[in-house]
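For reference, the structure is listed below as structure tokens.
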2 protein chains.
Amino acid sequence: MDHSDLPHKDWQLSERARKLTSSAIREILKVTERPEVISFAGGLPSPATFPAERMREAADRVLRDAPGAALQYSATEGYLPLREWIAARYSKDGVQIRTSQVLITTGSQQALDLLGKVLIDAGSPVLVETPTYLGALQAFSVYEASYVQVPTDDNGLIPEALSPALTQGARLLYAQPNFQNPTGRRLSLERRRALAEFARTSPFPVVEDDPYGALDYAGTPLPTMLSMAPDHIVHCGSFSKVLAPGLRLGYIIAPEELHFKLVQAKQATDLHTPSLTQRIVYEVVKDGFLDEQIPKIRELYRDQCEAMLSSLERHMPEGVTWNRPEGGMFVWASLPKHIDTMKLLEASIEQNVAFVPGGPFFADEAEAHTLRLSFVTVPPARIDEGVARLAALIRERL
Amino acid sequence: MDHSDLPHKDWQLSERARKLTSSAIREILKVTERPEVISFAGGLPSPATFPAERMREAADRVLRDAPGAALQYSATEGYLPLREWIAARYSKDGVQIRTSQVLITTGSQQALDLLGKVLIDAGSPVLVETPTYLGALQAFSVYEASYVQVPTDDNGLIPEALSPALTQGARLLYAQPNFQNPTGRRLSLERRRALAEFARTSPFPVVEDDPYGALDYAGTPLPTMLSMAPDHIVHCGSFSKVLAPGLRLGYIIAPEELHFKLVQAKQATDLHTPSLTQRIVYEVVKDGFLDEQIPKIRELYRDQCEAMLSSLERHMPEGVTWNRPEGGMFVWASLPKHIDTMKLLEASIEQNVAFVPGGPFFADEAEAHTLRLSFVTVPPARIDEGVARLAALIRERL
């Protein structure tokens with residue numbers, strides 16, 4: 001829209017607001033709403049996996065049996081039965097997670113906002129993977145974090161790199177050990193052990209953000225770092241990828257000392273997560289539904305991933321490399337270094353194919369020749385068509 | 001719980017987190033969950049007013065007709081038909097509110113958090129009423145605001161007091177013109193005009209927080225300041241008091257320049273408000289339901305208010321004064337100056353009567369002999385019993 005007719009408001013913004021920029025991903029998503037666009041950009045879970053009927057029954061039951069409570073203000077910590085369910089789900093093989101460690105959040109993004117609020121001062125060093133999740137960079141940047149990139153390879157973050165010089169003064173280390181967004185990488189078992197051990201004595205929390213852990217195609221997940229050091233790891237989980245993201249329901253499991261501060265911060269932020277959505281989700285999950293649901297999502301995404309990988313194999317020219325994820329929603333690709341994927345995207349959008357350039361996922365020293373491909377929203381036939389068009393554009397630039 | 005068995009985590013917290021304290025109100029509310037307590041403490045709307053059946057039908061319709069969209073990620077700005085509905089509702093008598101001014105928030109509390117995020121730096125002056133809404137103090141304190149109290153009287157904030165010396169460097173002025181929490185006061189028409197005029201040229205926004213505007217007992221609401229200066233006022237609204245608070249659904253109407261920054265901040269905060277609750281509320285309100293619903297709530301609260309006022313009249317000793325609100329949920333009372341209501345509360349809780357001491361509502365120079373009485377949760381017979389017990393305790397202290 002044209003703003004020239006609006007009064008110019010020269011209200012002074014906060015320092016952090018002046019630095020805020022829109023997420024490149026969200027801006028691209030706006031373009032990809034056009035139905036003719038084959039979008040590998042969004043991390044949108046496939047609506048085919050949403051248990052709509054079960055949600056509808058649950059909503060009906062909640063609003064019939066407990067409307068007063070479902071529509072009333074409720075505790076900042078979250079709906080107690082849901083918190084108990086989460087604690088119980090993480091308590092197995094001798095590991096004990098206490099309900100008093102669990103805080104329900106308005107989606108995983110709020111978990112990151114609250115952690116930033118409670119841990120980061122302007123200029124505080126924050127350790128992140130190379131590359132890392134863009135949403136975390138956005139959340140922590142509001143609190144004016146100063147990022148320190150921790151080296152990674154195909155097995156994820158390299159714990160040996162966490163030297164005193166690198167970690168000096170850090171307020172937190174942020175990692176996605178399972179099928180990381182954007183790379184799809186999984187942190188190896190030995191490295192989990194090393195990082196959990198590091199967390200036991202480190203003067204700052206290790207945050208294990210785990211939205212994709214359940215989407216392990218072989219159904220043989222590696223243990224969480226939380227299970228290795230349950231009183232030392234801050235674990236973030238989400239119902240977005242196993243039920244539905246539009247509910248905005250996530251949680252933080254943290255040592256009580258930090259939990260209490262997070263609760264205070266949440267009180268000031270939105271009082272509590274909607275009572276209604278919490279109760280609906282509890283109704284849906286309480287009798288073991290996720291154990292039916294998760295294998296179906298895994299199977300669908302594994303097939304989609306295989307379609308993407310075989311299309312890449314079929315169409316991509318030499319000089320393009322990518323990984324073979326064992327779970328999650330993303331493939332990470334590298335092009336020859338002279339190809340800037342931000343520019344490639346402009347040409348690609350003209351061909352009605354979208355992806356996310358890799359640059360914005362780096363806190364520093366962006367690798368501009370990388371890109372993220374999501375395979376969960378587009379059916380296999382269109383995946384092949386989209387990859388073919390993208391490959392043609394890359395070939396033109398070789 | 002006993003924490004002595006937990007590992008001591010000496011993780012360094014942010015400056016703001018170290019200053020965070022729990023809301024006195026939330027701590028008191030925990031005590032008042034006991035059914036034997038007659039609670040004038042909570043600002044909990046009466047569940048008798050929740051349109052549970054209509055919510056249930058709406059949830060059913062949304063999850064039957066549009067499950068894919070209701071359960072998927074959606075735009076940060078909010079559900080477009082709901083934003084359009086809000087803009088249309090405020091567009092009357094020649095005033096035009098644009099949909100592009102409307103941002104849906106996860107409750108009104110999030111509106112305050114986002115405004116703080118975008119406008120307040122550590123130490124920034126923030127103008128507030130004397131006393132003011134505790135939730136606003138909590139939200140803005142996270143951003144380390146430095147409060148400046150603006151004088152008020154029974155007609156609300158005194159615009160003449162906004163001298164250059166008082167407003168110097170301010171980032172925002174925060175006011176609740178309708179049936180303010182905690183005082184129940186309403187800003188007079190002339191003062192609304194004066195403050196709207198002030199907003200036209202002031203170098204910082206005037207925030208009109210209006211959760212209680214619809215709860216005007218006579219059904220003759222005063223015009224909002226937004227309607228007087230639609231491109232200069234930041235208006236916060238909520239569905240909590242007219243539908244149900246457990247949905248956590250509010251909105252900010254702001255000039256586009258500020259709106260865009262608020263959207264960016266919200267993206268980093270929780271991506272978007274739950275798609276499901278937004279669509280349910282739109283289904284409930286789109287055909288004019290609030291025009292049936294609001295008069296019923298007004299009537300109920302007016303009766304409750306009258307019950308409270310006549311009980312106060314009947315039982316309170318001389319030296320106790322209170323106002324006669326024309327709407328909303330609260331009566332504000334003053335005791336003789338030597339009575340500290342925080343101490344009175346301790347005795348009162350032993351008698352199973354709860355209220356909120358006035359002190360925490362002052363940004364500065366608290367008037368410790370004041371208290372807030374909510375009359376919306378307790379039925380008239382119990383109101384009388386509770387007021388009688390409270391009056392007896394006050395009489396003992398005279």
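The values are calculated or read from the model by the stated rules, or taken from the named source; none is laboratory data. Just so we're clear, the structure is a prediction, and the values are computed from it rather than from any experiment. Neighbour counts run over all protein chains shown; Cβ positions are idealised from the backbone, glycine included.
Of the residues making up segment B:98-118, just one is basic (Lys, Arg) and either within 8 Å of another protein chain (Cβ to nearest Cβ) or in a helix (DSSP H, G or I) (or both), namely B:117. Considering the conditions (1) surrounded by fewer than 22 Cβ atoms within 10 Å (Cβ to Cβ); (2) modelled with pLDDT under 95, residue A:222 is excluded by exactly one of them, (2). The residues listed here are A:257, A:306; of these, the one that is at pLDDT below 95 and either within 21 Å of the chain's Cα centre (by Cα) or outside any loop (DSSP other than H, G, I, E, B) (or both) is A:257. Inspection of segment A:173-183 finds a residue satisfying the criterion of being within 14 Å of chain B (Cβ to nearest Cβ), crowded, with 22+ Cβ neighbours inside 10 Å, of a type outside the set (Lys, Arg) and under 19 Å from residue A:323 (Cα atoms). Within segment A:331-354, restricting attention to residues that are closer than 19 Å to residue A:382 by Cβ and in contact with a Gly (Cβ under 7 Å, 6 or more places away or on another chain), the residue that is surrounded by the fewest Cβ atoms within 10 Å (Cβ to Cβ) is A:331. All but one of (1) buried (at least 23 other Cβ atoms within 10 Å of the Cβ); (2) touching a strand residue (DSSP E or B) at 6+ places or on another chain (Cβ under 9 Å); (3) among the hydrophobic types (A, V, I, L, M, F, W, C) hold for residue A:166; state the number of the condition that does not hold. For residue A:166, the exception is condition (1). Scanning segment B:126-156 for residues that are within 11 Å of chain A (Cβ to nearest Cβ) and either without any contact (Cβ under 8 Å) to a residue 60 or more places away in the chain or not in a helix (DSSP H, G or I) (or both) gives B:139, B:140, B:142, B:143, B:144, B:145. Applying the criterion of being in a helix (DSSP H, G or I), more than 8 Å from every other protein chain (Cβ to nearest Cβ) and closer than 19 Å to residue A:244 by Cα to the residues of segment A:14-52, the residue that is modelled with the lowest pLDDT is A:29. In segment B:274-291, the condition of being in contact with a Gly (Cβ under 7 Å, 6 or more places away or on another chain) and more than 30 Å from residue B:74 (Cα to Cα) is met by no residue. In segment B:67-93, the residue that is surrounded by the most Cβ atoms within 10 Å (Cβ to Cβ) out of those that are more than 12 Å from every other protein chain (Cβ to nearest Cβ), assigned to a loop (DSSP other than H, G, I, E, B) and at pLDDT 95 or above is B:78. For segment B:199-215, the count of residues that are assigned to a loop (DSSP other than H, G, I, E, B), among the basic types (Lys, Arg) and in the same structural domain as residue B:172 (by TED's automatic domain parsing) is zero. When residue A:277 is tested against (1) more than 9 Å from chain B (Cβ to nearest Cβ); (2) without any contact (Cβ under 8 Å) to a residue 40 or more places away in the chain; (3) surrounded by 24 or more Cβ atoms within 10 Å (Cβ to Cβ), only condition (1) is not met. Among the residues of segment A:238-252, is there at least one that is under 20 Å from residue A:207 (Cβ atoms) and of a type in the set (D, E, K, R)? Within segment A:238-252 (the criterion being under 20 Å from residue A:207 (Cβ atoms) and of a type in the set (D, E, K, R)), the answer is yes, since at least one residue qualifies.
Pairs meeting the criteria (first residue in segment B:237-260 and more than 10 Å from chain A (Cβ to nearest Cβ), second residue at pLDDT below 95, beta carbons under 6 Å, at least 6 apart or on different chains) are B:241/B:45. Among the residues of segment A:76-125, which ones are among the hydroxyl-bearing types (Ser, Thr, Tyr) and under 18 Å from residue A:206 (Cα atoms)? Answer for segment A:76-125, where residues must be among the hydroxyl-bearing types (Ser, Thr, Tyr) and under 18 Å from residue A:206 (Cα atoms): A:90, A:108, A:124. Residue check: is residue A:208 crowded, with 24+ Cβ neighbours inside 10 Å, without any contact (Cβ under 8 Å) to a residue 60 or more places away in the chain and touching a His at 6+ places or on another chain (Cβ under 8 Å)? Against the criterion (crowded, with 24+ Cβ neighbours inside 10 Å, without any contact (Cβ under 8 Å) to a residue 60 or more places away in the chain and touching a His at 6+ places or on another chain (Cβ under 8 Å)), residue A:208 qualifies. Just so you know, in segment A:107-132 the residues that are more than 17 Å from the chain's Cα centre (by Cα) and either of a type in the set (A, V, I, L, M, F, W, C) or not assigned by TED's automatic domain parsing to the domain that holds residue A:238 (or both) include one that is nearest to residue A:247 (Cα to Cα), and it is A:118.
With the checklist (1) within 14 Å of chain B (Cβ to nearest Cβ); (2) in contact (Cβ under 8 Å) with a residue 40 or more places away in the chain; (3) not small (Gly, Ala, Ser) in hand, flag the one item residue A:221 doesn't pass. With (1) within 14 Å of chain B (Cβ to nearest Cβ); (2) in contact (Cβ under 8 Å) with a residue 40 or more places away in the chain; (3) not small (Gly, Ala, Ser) applied to residue A:221, the lone miss is (1).
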